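Below is one structure, written out as structure tokens; comments come after it.
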Amino acid sequence: MRNGILICMLLLLTACQQPTVYVYTQALTDIQTQQLTIRLQQQSLPYQFIQLPIPKEFAAATLLTSEDKLLTAETEQLTGIMQAMGYQPQINYVSAANHHYSDGNIGFYLRGEHIEPGFNMPKLMRTTNCSEDRYNNLRVTFNENVVAFTLLNGARAHLEWQFYENYLVINYRDISQSYTHSTPLVATPFGEKPSDTYRYTAHVESPQWLNCSLQVVYMD
């Protein structure tokens, strides 16, 4: 009996010492929260949501891990989650004196950013430079936080979008596509004209029409 109790205590102690991901989120949309939860369930470490604000000095996507026990593979999984959601993660290493992140524990901080004041997405754009040519020139309309893609069969796919850290991010189910903004001159039959162009930053497996840049050319 005594040996059984000792074994149970050892198992409990081992479980308590298992590295944990402490997840802090702020101002995420419902879709982003759902995406995050799904992806956290797929990685290898236990995780726990913490209801505390994220320090202002932290980047929108920050990982905190201890210098004394680096979990390289697990950290790569977590940075991959951030990247899949359209963020550029920053990793901060803390000293062993920070007991909260000792023994391999990792802090996962993800903050949504509000649309910049005065920022306006063009109401109507077209897809361009798609990875598959057949998706070029699809009609794309923006309205508040909803973007609608008119697909090849005429159906409209309504997705959620937002703008933060100079990236346009469009959310689709459990994935996100991010875009960088530029204003190149575009050659037209009437000469070079200014544009707003959003170039996609990563290749997603599906849907393929998210592997397109978005562009509006101003003819006047």
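The values are calculated or read from the model by the stated rules, or taken from the named source; none is laboratory data. Just so it is clear, the model here is predicted, and its values are computed rather than measured. So basically every Cβ, Gly included, is an ideal-geometry build from the backbone, and we count neighbours across all protein chains shown. Only protein heavy atoms, including side chains, enter the accessible area calculation; ligands, DNA and RNA are left aside. Shrake-Rupley method; radii C 1.70, N 1.55, O 1.52, S 1.80 Å.
Some notes on this structure:
- Heavy-atom accessible surface of the chain, averaged per residue, reaches 57 Å², computed with a 1.4 Å probe.
- Net charge contributed by nearby residues that have their C-beta within less than 12 Å of residue 65 (K/R +1, D/E -1): -4
- Environment charge of residue 95, counting only residues whose C-beta is closer than 11 Å and scoring Lys/Arg +1, Asp/Glu -1: -2
- Dipole axis of the chain (+1 Lys, Arg; -1 Asp, Glu on Cβ), positive-most option in 180, 63, 159: 159
- Here is the tail figure for the chain: Cα pairs spaced more than 30 Å apart come to 37 percent of all pairs.
- Using the Karplus relation 6.51 cos²θ - 1.76 cosθ + 1.60 with θ = phi - 60°, the per-residue 3J(HN,Hα) values for the range 51-57 come to 8, 9, x, 8, x, 4, 6 Hz, with x marking Gly and Pro.
- Label-point separation, residue 44 to residue 139 (7 Å along Cα→Cβ), nm: 4.9 nm
- Listed by chain and number, the aspartates and glutamates whose alpha-carbon sits under 20 Å from that of residue 123, ignoring those within fewer than 8 places in the same chain, are 144, 160, 196, 220.
- The range 147-219, relative contact order in percent, only Cα pairs under 8 angstrom and at least six apart counted: 20 percent
- In this view, the solvent-accessible surface of residue 158, computed with a 1.4 Å probe and all protein chains in place, comes to about 120 Å².
- If you run the Gaussian network model on the chain, springs between alpha carbon atoms under 10 Å, then out of 199, 156, 39 the most flexible one is 156.
- For the range 27-43, the Karplus equation 6.51 cos²θ - 1.76 cosθ + 1.60, evaluated at θ = phi - 60°, returns couplings of 6, 7, 6, 4, 5, 4, 4, 5, 4, 4, 4, 4, 6, 5, 5, 8, 8 Hz by residue, with Gly and Pro reported as x.
- Qualifying GluC sites (Glu not before Pro) in the range 65-96, DSSP loop, other Cβ atoms within 10 Å at most 15: 67
- The phi torsions of the range 78-88, fed into the Karplus equation with coefficients 6.51, -1.76 and 1.60 and a -60° offset, translate into couplings of 6, 5, x, 4, 4, 5, 5, 8, x, 9, 10 Hz, rounded to whole numbers, with Gly and Pro shown as x.
- Antiparallel DSSP beta bridges within the chain, percent to nearest 5: 75 percent
- About its Cα centre, the chain has a charge dipole of approximately 380 debye under the convention of +1 per Lys or Arg Cβ and -1 per Asp or Glu Cβ, with nothing else charged.
- Pairs of Cα atoms nearer than 8 Å and 6+ residues apart set the relative contact order; for the chain it is 17 percent.
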